[in-house]
Amino acid sequence: MEIKEEKNRFALYNDEGAEIGEMTWSNAGDELIIIDHTYVDPAYRGQSYAEKLVKAGVEKARRDNLKIIPLCPFAKKEFNEKAEYGDVLRK
């Protein structure tokens, strides 16, 4: 599995190079992104891939000094469950 950052999204690819998931965001100014969508193909669910996509967004926010508003229900759940993401959560 490989995650690639593309324009306003992280795309998840399987070992054959087929896209099987994504997490998208919208820019809201220079210092804020809004995670608005997370998806993993049903055949690949239950393997923590959606969590890895959200984590990639958190790592991007840390690297680029951004804050995140998690509007996507899955991303919101991840932020609620993972206190370690609090440093990039816009309060």
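Screening the candidates E78, E84 for the property of being touching a Ser or Thr at 6+ places or on another chain (Cβ under 9 Å), at pLDDT 95 or above and over 17 Å from I3 (Cα atoms) yields one hit, E78.
Mind listing whichever residues of region 16-45 are out of contact with any strand residue (DSSP E or B) (no Cβ under 8 Å at 6 or more places or on another chain) and either over 25 Å from L89 (Cα atoms) or touching a residue at least 40 places away in the same chain (Cβ under 8 Å) (or both)? Lay out the reasoning, then the answer.
To start, the set of residues in region 16-45 that are out of contact with any strand residue (DSSP E or B) (no Cβ under 8 Å at 6 or more places or on another chain) comprises 16-18, 29-30, 42, 45.
Across region 16-45, the qualifying residues are E16, G17, A18, P42, R45.
For G57, state whether it is under 28 Å from K91 (Cβ atoms), out of contact with any helix residue (DSSP H, G or I) (no Cβ under 7 Å at 6 or more places or on another chain) and at pLDDT below 95. So G57 fails the test. When V54 is tested against (1) aliphatic (A, V, I, L, M); (2) in a strand (DSSP E or B); (3) out of contact with any Lys or Arg (no Cβ under 7 Å at 6 or more places or on another chain); (4) buried (at least 20 other Cβ atoms within 10 Å of the Cβ), just one condition goes unmet, and that condition is (2).
Within region 69-86, can one find any residue that is of a type outside the set (V, I, T), touching a Leu at 6+ places or on another chain (Cβ under 8 Å) and surrounded by fewer than 17 Cβ atoms within 10 Å (Cβ to Cβ)? Scanning region 69-86 turns up no residue that is of a type outside the set (V, I, T), touching a Leu at 6+ places or on another chain (Cβ under 8 Å) and surrounded by fewer than 17 Cβ atoms within 10 Å (Cβ to Cβ).
The values are calculated or read from the model by the stated rules, or taken from the named source; none is laboratory data. What you see is a predicted model, and the numbers here were worked out from it, not measured in a lab. Note: ideal-geometry Cβ built from the backbone for every residue, glycine included; neighbour counts use all protein chains shown.
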